[in-house]
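The block underneath contains the structure these notes are about, expressed in structure tokens.
Read-outs: derived from the displayed coordinates by stated rules, not from any lab. Because the structure is a prediction, the values reported are computed rather than measured.
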């Protein structure tokens, strides 16, 4: 199994189940409604989106974790590239983080 396969698969399931949103604009909307529990940011996200998501994470007091690349995250979500995903379900966010810790 590739290093980000398990977490990315869980993120893909979250999106399909309506428990995640992907992309800057969708994430902004969910963040401003307060309906998210964790942000996941691609390690190769640009500095502007990185700075914006770090600020949102800090202001909303919601954790943010870096993982994989925009391409690997996008592939998991059926898109070309994705830089940021907001998870809205605590159980799924915990499962993704657990899968990430297993990789280390």
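Percent antiparallel among DSSP beta bridges with both residues in the chain, to the nearest 5?
65 percent
Which of the following values of P(r) over Cα pairs in 5 Å bins from 0, in percent was calculated from the structure shown: (i) 2, 12, 18, 17, 13, 10, 8, 7, 5, 4, 2, 1, 0; (ii) 2, 14, 27, 28, 20, 7, 1, 0; (iii) 2, 9, 6, 6, 6, 5, 6, 5, 5, 5, 5, 4, 4, 4, 4, 4, 3, 3, 3, 3, 2, 2, 1, 1, 1, 0, 0?
Correct label, based on the coordinates given: (ii).
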